[in-house]
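Below: one structure, written as structure tokens.
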Amino acid sequence: MTYAADLSPQHAWEALASDPEAVLVDVRTQAEWAFVGVPDLSAIDKQMVPIEWSSFPAGTVNDAFLQQLQEAVPQDSSVYFLCRSGGRSVAAAEAATAAGWAKSYNIVDGFEGPVDEHGHRAVAGWKQAGLPWRQG
């Protein structure tokens, strides 16, 4: 692992709530934010920072990711990366760590989690953990 740690959605929520400088960066696409939903951090007086890791539908990596992260998140902050199921957020945490964000974390299972035996994302993740979210 080349980043600080993997955390469950619940542990990430607790860390975000207890650390005033901690930031949640959602690396999903604009389409996912709009149609699937987004974490709602209003109860802890925060807002999630949306920065696409890759674009939809092409899936090309966002070449401006680190620049956009630099503009939004101080390098000494703890930063928690979230995607759909935990893959893109690992890549984002690795890239951020390599670029100087020493406290970069991956939220395992992401916002929706892996698919179940029926192909539905109803097994794990932010939403299944009962954490606050809203429709985009």
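Under Stokes-Einstein, with the Kirkwood radius over Cα pairs as Rh, the value for the chain at 25 °C and 0.890 mPa s is 168 µm²/s. At a Förster radius of 22 Å, what calculated FRET efficiency corresponds to the Cβ-Cβ distance of ASP76 and GLU14, to the nearest 0.05? According to the calculation, E is roughly 0.60. As a proxy for reagent exposure, ranking ASP19, ASP109 by other Cβ atoms within 10 Å from fewest up yields ASP19, ASP109.
Candidates GLY119, ALA43, SER18 compared by Cα position along the dipole of the chain: farthest toward the positive end lies GLY119, with charges placed on Cβ. Ellipticity at 222 nm from helices only: DSSP H runs of n ≥ 4 in the chain, each -39500 (n - 2.57), divided by the residue count, give -7000 deg cm²/dmol.
Read the figures in this text as sums done on the coordinates, not as results from a lab. Given the structure is predicted, the values throughout are model-derived calculations rather than measurements. Cβ: placed from backbone, ideal geometry, glycine included. Neighbour counts: every protein chain shown.
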